[in-house]
Amino acid sequence: MVDALKKMGKISRKGPVVLVIMDGVGFGKYKEGDAVASSRTGTLNKLYKAYPWTKLKAHGTAVGLPSDDDMGNSEVGHNAMGCGRVFAQGAKLVNASISTGAMYEGTTWKKLINNAKEKQSTLHFIGLLSDGNVHSHIDNLKAMIVQAKKEGVSKVRVHALLDGRDVGELSALEYFDPFEEFLSGLNDEGFDAKIASGGGRMVITMDRYNANWNMVKKGWETHVLGEGRMFDSAHEAIVTLREESKAIDQDLPPFVIAKDGKPVGTIEDGDSVILFNFRGDRALEITKAFEAEELTEFDRKRRPDIEYAGMMEYDGDLHVPAQFLVTPPAIDKTLAEYLCASKVKQFSISETQKFGHITYFFNGNRSGKFDASLEEYVEILSDIVPFEERPWMKCAEIADRVIKEVENGDWDFIKLNFPNGDMVGHTGNYQAVVCSMEGLDLQIGRIYKAVMEAGGVMVITADHGNADDMFEHAKDGSVKYKENGDPQAKTSHSLNPVPCIICDSNYQGEYETELKSGLGISSIAATCMNLLDFESPSEYDPSIITVK
Ligand SMILES: O=C(O)[C@@H](CO)OP(=O)(O)O
Ligand SMILES: [Mn+2]
Ligand SMILES: [Mn+2]
């Protein structure tokens, strides 16, 4: 348990500090494709003119990723904002564990490998097949397969999800084709590795925050039971299903690879299974499907008796999964923990799609509360729809609730995540993103009014960019176009910085109006502490404000 924070005795506000996280809203590098800049955001424009603001780094090493070529993402972004400093993140830790060989010395790896060897059974890998480095990296998978062969495993099956969300929207074959070749290169009379099933990541297996368990059910049927449309190869499945459905990769229907009408890689008693995604939000449900004795969310029909391991521990509170290959970053001393120790009353809210971002990720990948008597978490249920069809999502409902809480005056610190910029940004639909940004801006205007009337402070920021970079650009900065002349949509996050605006209802000169520059989003935590009149702990990254 951390100590209570020290009071500064310098900043006193009647109302709460309200932290607004606009998920996926950054400052575009290119004019073309910047759906944030090209939206009519009257509120934000007004706030940029009226209040101090700065740009914060939200990608690469500033959020604990291996290099500055890595775009930011919600996990590392919320970890940084909620924990006040930067930890080496999953992408970096897994990479290191594999390249030093530490993973293969661990008990979990040995157990799964020995299990497959002793029982002459199959070693399965399930996960996202791309180099997006948000949930997984294909190089990790390849290294593990090579090692498994070296250690004497004879049969490997890969259940590969198409990405198209952290990489190009139609890039799957750039990963699948060379990967099939890689497997063929390894195969010999003593070793047999194949892709056994697959599908789009937004259709099967990778649901999060209990938004749509039907996705997990479909994933189970596809990977475990081998039920579904059958194809001879992943290549054939992807080409055929693309043509029929016109879907982009993340939305491609599921497929099962079969030979002579029989699936090549169902998951059976005695097998070993590794979920090779390192990020937790979209790994928890499929993990539960494998691990739970009783499952109420869907009928598994058959639950194989297997050795199951995740790439990482996905939930540090609940210790899920029971077995994992790499120990996650030891994120401790979080903002919420410090605020609880200091008796600060805190309210957190988002809609389902980002509910765990503002709670679980923000608290360093822990699902529980630090002090239930001081904290309330509210989830507004997300619609189960393609978000380009409802780009406003639940931003009005979130704002309604926040305004009510601000007016009631029960909380010292309120934090919320608006998913619009990100969830709609991932669809690649420019018009929908503009609509999402304009809807969001209206709601920020409503919250702003309530916070000012209550005499509080509103801090507006984001976890990484997305909506600010909606077109693919060539190395020379020019927009890439499709054959039909439309710009090529970019569905992934961006490498761009994000805003931090401090709207203070009652500024009395207690801090410099010039905000510090060159900082990253990990500085949000210390900033919020200062605005709540606390000194920030020495281990935290510096606050954005300089208190006089
Ligand atoms: O949808 C997700 O899982 C990721 C992209 O892979 O987005 P975010 O980090 O914003 O949650
Ligand atoms: Mn995000
Ligand atoms: Mn995203």
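Every number here is computed from the coordinates shown, using simple stated rules; none is lab data. This structure is a prediction, so every number in the text was calculated from the model and none was measured. Ideal geometry is used to build each Cβ from the backbone, glycine not excepted, and the neighbour counts take in all protein chains shown.
Things to note:
- Seen against the Cα atoms of the chain and their longest principal axis, helix 430-454 is set at about 40 degrees.
- Sequence-distant aspartates and glutamates (8 or more away, or on other chains) whose Cα lies within less than 12 Å of K415: E375, E376, E405
- Gain in span if fully extended, A474 to Q147, counting 0.36 nm per residue against the direct Cα distance: 114.1 nm
- Distance between modelled label sites at R229 and A50, nm, 7 Å Cα→Cβ extension: 5.3
- Long pairs among K10/K31; K149/K475; K117/K288; K29/K369, criterion Cα-Cα beyond 32 Å: K10/K31; K149/K475; K29/K369
- Relative contact order computed over the stretch 33-78 (Cα-Cα under 8 Å; 6+ residues apart), in percent: 23
- Remark: the R40-E291 segment gains 85.6 nm on full extension, using 0.36 nm per residue and subtracting the alpha carbon distance.
- Relative contact order (percent, whole number), the chain, Cα cutoff 8 Å, 6+ residue spacing: 29
- For trypsin sites (Lys or Arg not before Pro), the sites in the stretch 433-490 that DSSP calls loop and that have at most 12 other Cβ atoms within 10 Å are K475, K482.
- Rounded to 5, percent antiparallel among DSSP beta bridges of the chain: 30
- Cross-link reach is defined here as a Cα-Cα straight distance under 18 Å, omitting same-chain residues fewer than 8 places apart; for K111 the aspartates and glutamates meeting it are E151, E268, D269, D271, E291, D305, E307, E313.
- Low-density loop positions, GluC sites (Glu not before Pro), the stretch 180-235 - DSSP coil, at most 14 other Cβ in 10 Å: E189
- Ranked W411, W53, criterion: other C-beta atoms within 10 Å, fewest first: W53, W411
- Amide H contacts of G200 (H built 1.01 Å from N, under 5 Å, at least 5 apart or other chain): L162, L252
- Under 12 Å, Cβ to Cβ, from D163 - net charge with Lys/Arg +1 and Asp/Glu -1: -3
- In order along the stretch 411-421, phi translates into HN-Hα couplings of 10, 8, 9, 10, 10, 8, 10, 9, x, 3, x Hz, rounded to whole numbers, per the Karplus curve 6.51 cos²θ - 1.76 cosθ + 1.60 with θ = phi - 60° and x for Gly and Pro.
- Across the stretch 91-326, Cα pairs under 8 Å and at least six residues apart give a relative contact order of 23 percent.
- Computed 3J(HN,Hα) for the stretch 498-510, one whole-Hz value per residue from the Karplus formula 6.51 cos²θ - 1.76 cosθ + 1.60 where θ = phi - 60°, is 10, x, 9, 10, 10, 9, 9, 6, 9, 4, 10, x, 6, glycine and proline marked x.
- Förster-model FRET efficiency, 41 Å R0, D260 and D68, C-beta, rounded to 0.05: 0.25
- Within the shell defined by Cβ-Cβ distances under 14 Å, the residues around T287 carry a net charge of -3, with Lys and Arg each +1 and Asp and Glu each -1.
- The stretch 91-326 - share of DSSP beta bridges that are antiparallel (%, nearest 5): 20
- Using alpha-carbon coordinates, inclination of helix 138-150 to the longest axis of the chain, degrees: 40
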